Amino acid sequence: MEHLLDIYRSMFTIRKFEEIASRQIVDERIRGLLHSSEGQEAVAAGVCLALDQNDYLTSTHRGHGHAIGKGVDINLMMAEIFGRVGGANKGKGGSMHIADSKVGMLGANGIVGSSIPLACGAALKAKIMGTNQVAVSFFGDGATNQGVLHESMNLASIWKLPVIFVCENNLYAQSTPSDYSVSIENIADRAKGYSMPGEVVDGMDPLAVFDCAKNAVSRARDGDGPTFIEAKTYRYRGHFLGDNPLRYRSDSEEFDWKKIDPIPKFRVFLLEEGGATKDELDDMELAINENIVRAVEFAKKSPFPSHEELEKDVYDNYPKDQLNRAVSSME
Amino acid sequence: MQLDIKTPKSGRLLKYSQAQNEAIKQSMSKDESVFVMGEDIVGAAGRSEQGFSDAWGNSARWTQGLYDLFGPERVLDTPISESAFVGAAIGAASVGMRPVVELMFIDFVGVCMDQILNNAAKTRYMLGGQLGVPLTLITRIGAGVGWGAQHSESIYSLLVHIPGIKVVAPSDAYTAKGLLGSAIMDNDPVVICDHKKLLDLESFVPEADYELPIGKARVSRLGSDLTLVGISHMTNICLEAAEILETFGIDVEVIDLLSLSPIDTDSILKSVSKTGRLVVVDEDNPRCGMASDIISSVVEKGFSLLKQSPKMVTAPHTPVPYSASLEDLYVPNPARVVSTIKDMLED
């Protein structure tokens with residue numbers, strides 16, 4: 001029962017966070033890109049629930065759900081989107097790079113496919129040092145056409161790395177439909193070419209995702225190597241905030257996917273079969289809403305990074321006069 | 001142990017690649033987070049049951065013997081998948097390892113540039129300092145051996161340009177060992193550029209585990225008429241040119257740059273304040289390169305020190321040609337350095 005509520009809490013938090021963050025970007029005229037994962041919550045929630053806090057995760061430009069699932073503090077996330085020094089990355093990364101090493105979130109990544117080998121590297125560390133950790137790499141259908149995914153799958157397979165490749169197939173790479181750009185119907189079938197299990201799972205069903213991920217995680221921990229999971233899902237918003245998806249897909253398609261929205265569907269399941277009460281869920285939703293509103297307040301109260309931050313964190317150790325040469329000659 | 005950058009005049013002679021081999025063994029012995037991977041690092045990977053082990057020890061032999069000493073977990077042959085294994089090294093480095101990875105030739109940087117540019121270089125900054133990338137990337141540079149346009153470049157300027165990356169170019173066995181030792185223990189990504197023509201050259205190398213400071217140049221020859229800056233193998237070309245110039249009564253100071261990012265501009269300025277003249281010899285292509293970078297720094301910071309316009313002797317703005325007759329024109333040589341300097345001084 002508790003893990004069912006955890007899944008719902010996670011999905012509802014992601015949905016509300018995306019909604020409120022999107023509104024804030026517009027209302028507060030924040031300069032930045034935001035890629036909403038609304039519609040895909042069941043994948044992030046289901047996979048992350050199968051992980052321990054010290055397991056590793058790498059993510060994509062659409063990474064808020066993965067961060068929330070992995071346990072990154074929403075105050076830090078919101079402040080990061082606001083570009084404030086109290087943000088997860090001191091305001092220096094933004095929505096597309098949110099990370100929190102304390103909970104194993106190694107970072108969202110703005111280059112499609114680029115973070116996949118990083119997860120292999122984290123898994124390689126776990127294997128060399130015998131720590132029993134696993135690493136998950138989230139990516140979209142678009143990334144499955146990048147060479148680096150295929151290289152990484154091959155590497156993970158020959159070295160039996162404890163890594164789980166999770167493809168969130170939301171049917172679109174920006175505006176390009178996957179039935180145009182991907183050469184195969186089920187992307188998971190590509191796993192055969194790298195001698196690893198390739199599972200197709202309903203990405204709108206958090207329990208199905210959780211079960212699938214749990215098996216993959218235990219395979220990885222047992223030393224049996226990587227698994228590829230393709231979660232069929234859908235993003236309800238455009239590619240980025242401001243992109244109107246109806247320019248490249250029909251409203252009837254959106255409507256069909258919204259009929260199977262994982263959040264109201266799972267709520268009904270919890271009430272009818274999960275032993276939850278309406279009051280309990282209402283209270284939870286109210287509390288989540290309040291937490292996110294408080295995260296906005298937290299973000300607004302946090303100052304912008306000081307000017308010294310411009311040249312900090314480029315290196316651990318580097319002569320300062322070589323970082324600010326251009327700046328000093330401008331002044 | 002940190003040593004000064006000098007030129008030992010006695011002791012034990014080692015080849016450049018042997019000195020690197022010693023550095024990596026010492027680093028792996030003292031720190032279990034150090035591991036090595038790359039193409040043919042071991043050679044005949046996994047064929048020990050057939051009696052094969054350490055077949056290659058990598059194409060430059062700096063990894064020879066590591067497999068038997070440290071085992072398959074820490075000495076990994078990779079598939080020819082530069083994006084995957086450089087990326088994996090970055091990932092491992094960000095969670096506490098100190099990987100030493102070989103990119104066989106700097107030309108291959110094109111295959112995995114995304115990992116270097118977008119992950120190795122930017123992780124610390126864009127994550128607000130949460131994670132660093134203590135990665136050592138060893139790569140080979142240099143023309144003059146007939147390997148053609150895709151195995152001969154010295155395009156380290158591409159990497160020097162990237163904030164977040166450090167780049168060094170040792171010039172002998174002593175600096176090769178010390179800078180490799182420092183690179184491995186450095187908390188930032190460090191690219192080591194090894195010139196093919198240096199790998200078999202011997203110099204005096206202490207047996208102790210030592211490090212040399214990254215970011216410091218070495219005065220390889222004292223002189224008073226002109227400052228000649230060399231990078232990697234070009235330092236040897238500069239020293240040869242200096243010998244020839246001495247017969248013409250021209251007294252040249254040679255600075256061995258060693259570190260390209262960060263760069264020891266102070267040592268160059270100090271020398272120029274004495275000589276008033278500057279020539280930079282660089283095997284890289286000329287545009288947006290080290291030579292133009294050094295000259296612009298000296299002009300910007302020390303214009304009043306200069307008696308004459310500085311010059312650069314570099315490769316042309318072309319790919320590396322194959323034919324020996326053309327390749328010999330491509331690589332800066334002592335004769336070109338000598339004539340450039342004589343022209344300046346007779347001006």
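What follows is calculated from the coordinates using simple rules that are stated; it is not laboratory data. What you see is a predicted model, and the numbers here were worked out from it, not measured in a lab. Positions of Cβ are generated from backbone atoms using ideal geometry, with glycine treated the same way; all protein chains shown enter the neighbour counts.
Peptides B:270-279, B:334-343 ranked from most to least packed give B:270-279, B:334-343, packing being the mean of other C-beta atoms within 10 angstrom over each peptide's residues.
Note on chain B: GNM, Cα springs under 10 Å; of B:ALA324, B:ALA92, B:ALA169, the largest mean-square fluctuation is that of B:ALA324. Comparing B:LEU127, B:LEU257, B:LEU137 in a Gaussian network model of chain B where C-alpha atoms under 10 Å apart are linked, the largest mean-square fluctuation is found at B:LEU127. What fraction of the Cα pairs in segment B:13-204, stated in percent, has a spacing above 27 angstrom? Here the tail beyond 27 Å accounts for 22 percent of pairs. With an a/c value of 1.5 or above and a/b not larger than b/c for the gyration tensor axes a ≥ b ≥ c computed over the alpha-carbon atoms, segment B:218-346 is described as oblate.
Under a 5 Å amide H cut-off, with hydrogens placed 1.01 Å from N, A:GLY39 pairs with A:TYR236 among residues at least 5 apart or on other chains. The mean number of Cβ atoms from other chains found within 10 Å of a Cβ in peptide B:209-218 is 1, as a whole number.
Placing +1 on the Cβ of every Lys and Arg and -1 on the Cβ of every Asp and Glu, with no other charges, gives chain B a dipole of roughly 620 debye about its Cα centre. Phi angles of segment B:192-206 translate, via the Karplus equation with coefficients 6.51, -1.76, 1.60 and θ = phi - 60°, into HN-Hα couplings of 10, 9, 9, 7, 3, 6, 8, 4, 9, 7, 9, 8, 6, 9, x Hz per residue; Gly and Pro are given as x.
When the Gaussian network model of chain B links Cα atoms closer than 10 Å, the mean-square fluctuations of B:GLN26, B:GLN130, B:GLN64 top out at B:GLN130. For chain A, the calculated P(r) over all alpha carbon pairs, in 20 Å bins from 0 to the bin holding the longest distance, is 31, 57, 11, 0 percent. Residue by residue along A:98-104, Cβ atoms of other protein chains within 10 Å of the local Cβ number 3 on average. Projecting the Cα atoms of A:ALA188, A:ALA45, A:THR144 onto the charge dipole of segment A:2-306 (Cβ charges, centred on the Cα centre) puts A:THR144 farthest toward the positive pole.
Considering chain B, its Cα convex hull presents a mean projected area of 17.8 nm². Secondary-structure-derived ellipticity at 222 nm for chain B, considering helices only, amounts to -10000 deg cm²/dmol, per-run term -39500 (n - 2.57) for DSSP H runs with n ≥ 4. Amide H contacts of B:ILE138 (H built 1.01 Å from N, in plane; Pro and chain starts excluded): B:VAL101, B:GLU102, B:LEU103, B:ILE192 sit under 5 Å, all sequence-distant by 5 or more or on other chains. Pairs spanning more than 23 Å between alpha-carbon atoms, out of A:LYS320/B:LYS196; A:LYS16/A:LYS258; A:LYS70/A:LYS92; A:LYS70/A:LYS259; A:LYS92/B:LYS216; A:LYS312/B:LYS270: A:LYS320/B:LYS196; A:LYS70/A:LYS259; A:LYS92/B:LYS216; A:LYS312/B:LYS270.
Within the same chain, lysines fewer than 8 places from A:LYS160 are excluded, and of the rest, those with a Cα less than 19 Å from its Cα are A:LYS125, A:LYS127, A:LYS192, A:LYS214.
With Rh defined as the Kirkwood radius, the inverse of the mean 1/r over Cα pairs, the Rg/Rh of the protein assembly as shown is 1.03.
In order along segment A:192-208, the Karplus-derived 3J(HN,Hα) couplings, from 6.51 cos²θ - 1.76 cosθ + 1.60 at θ = phi - 60°, round to 4, x, 10, 6, 9, x, x, 10, 9, 9, 6, x, 9, 10, x, 6, 5 Hz, and Gly and Pro are given as x. Averaged over the residues of peptide B:74-86, the number of Cβ atoms from other protein chains lying within 10 Å of each residue's Cβ is 5. Peptides A:244-256, A:157-169, A:19-31, A:52-64 ordered by packing proxy, namely the average of other Cβ atoms within 10 Å per residue, highest first: A:157-169, A:52-64, A:19-31, A:244-256.
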